[in-house]
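What follows is a set of notes on a single structure, which appears directly below.
The values are calculated or read from the model by the stated rules, or taken from the named source; none is laboratory data. Keep in mind the model is a prediction, meaning the values are calculated, not measured. Methodologically, a virtual Cβ is constructed for each residue, glycine included, from the backbone with ideal geometry; neighbour enumeration extends over all protein chains shown. All accessible areas refer to the heavy atoms of the entire protein, side chains included, with ligands and DNA or RNA removed. Shrake-Rupley method; radii C 1.70, N 1.55, O 1.52, S 1.80 Å.
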Amino acid sequence: MADLFTPDAAPVDPANWTCPAPLRDQPVVVLGHGGGGALSAELVEQVFAPAYGNATLAALTDSAVLHLGGARLAFSTDSYVVRPLFFPGGSLGDLAVNGTVNDLAMSGARPAFLSTAFILEEGVELAVVDRVARALGAAAEAAGVTVATGDTKVVESGHGDGVYVTTAGVGLVPEGVDIRPQRARPGDAVIVSGPIGLHGVAVLSVREGLEFGVGITSDTAPLADLVAAMLAVTRDIHVLRDPTRGGLGASLNEIARASGTGVLLRERALPVPEEVANACGFLGLDPLYVANEGRLVAFVPPQHAEAVLAAMRAHPQGAGATLIGECVADHPGMVVVATGLGGTRVLDLPLGEQLPRIC
């Protein structure tokens, strides 16, 4: 057999290669563009931001903070295309509420109202639509928000995947609160509110019919009350982010790049549940890139870190809160993990996504 490096070898055309992480010069949309990693960032920066071009959008935060009629409003919108529609611990309806509520909370806002738009595929059972709608309504009630308006569209059979939902939300930002990724500072404590990786593994387990020997349920939950408890300690919280698509790794990279600082994590402090670690090891996944739907990561000034951590642990949604590292002046724009063996490794921004269609 001819060796690839010998003159008589057949020419190799990279355009014919395929791999889970698609090439970055793709002329068409690929699944990785929706994964919350480098491809998603390029899509926003090269297509959407130039098309819309305004200072409010340029901040690229989970929710925009707007000044309207003397009030500071947080405003966010998100679409949900999870497959399957129902999974251990939650459903499309839960995600459609909690995802948008949490995006508002990451600006420090108290969420108030949601809109919801359903895209239904012809042929989907009305009982399924009813189940999603009821789950959405129950999640809104639990989160303390009102579904104030909405819309429904139907597409032809074969042009959808059952049910898609888009929600938008508004909330009030308290006076004196300024939470955004650009505010991360060297010395800030980096705190995550609980165990990571549960949502992505829970969805994958039912999608692929996998059994990991133990039940894994999604962490989907509203986080506004937890954020309010943190702000009751101090309003000087620098950054909040819910690490959904792309997981904790993508969120920390985005914060590091936006602020021009570095992040140093301690590997042994990372709260990866044993069942998640085992599942990820079996599947060849990195739990730091697996999506969460009921967790937040906070950058807190060091003088407030202990009190904020205590307040988080006193709240049901923050009972597993853990100090996982700190913001540093070294390696600006990069996330570095100090390993248990005394070395370090770079935690880069993922290119695409390990698990598509998880939210």
If one computes the Cα centroid of the range 249-319 and of the range 124-181, what distance in Å separates the two points?
26 Å
Carbon and sulfur atoms: what percent of the 1.4 Å accessible area of the range 181-347 do they account for?
51 percent
Grab the other residues whose beta carbon is less than 13 angstrom from that of G320, score K and R as +1, D and E as -1, and report the net.
+1
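Could you work out [θ]222 nm for the chain from helices alone, using -39500 (n - 2.57) per DSSP H run of at least four and dividing by all its residues? Round to the nearest 500 deg cm²/dmol. Write down the numbers at each step before the final one.
On the way: 10 runs with 98 residues, N = 359.
For the chain, the value works out to -8000 deg cm²/dmol.
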Residue separation between A59 and V154 times 0.36 nm, minus their alpha-carbon distance, gives in nm 30.8 nm
How far apart, in nm, are two points set 7 Å out from the Cα along the Cα-to-Cβ line at E121 and at D161?
0.9 nm
Return an integer: the convex hull volume of the alpha-carbon atoms of the range 181-347, in Å³ per residue.
105 Å³
Only residues of the range 216-245 count here: report those whose backbone N is under 16 Å from the spot 7 Å along Cα→Cβ of A314, or say none.
225-235
Whose amide H sits under 5 Å from the amide H of L66, counting only residues 5 or more places off or on another chain, with H placed in the peptide plane?
L73, A74, F75
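Beta carbons within 10 angstrom, averaged per residue: use that to sort the peptides 235-241, 128-134, highest first.
The packing order, highest mean first, is 235-241, 128-134.
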Sorted by packing (mean other beta-carbon atoms within 10 Å per residue), highest first, where do 160-167, 287-294 land?
287-294, 160-167
Just one of (1) 31, 28, 21; (2) 28, 25, 19; (3) 39, 29, 16 is semi-axes √(5λ) of the Cα gyration tensor in Å as worked out from the coordinates here. Which one is it?
(1)
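Averaging the inverse of every distinct alpha carbon separation and then flipping it gives the Kirkwood radius. What is it for the range 222-272, in angstrom units?
12.8 Å
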Before I look further, what does the range 153-305 give for accessible area per residue, probe 1.4 Å, in whole square angstrom?
37 Å²
Accessible area of the range 14-172 belonging to carbon and sulfur atoms, whole % at 1.4 Å probe
60 percent
Leaving out ligands, DNA and RNA but keeping every protein chain, what accessible area does L73 have, in Å² rounded to the nearest 10, with a 1.4 Å probe?
40 Å²
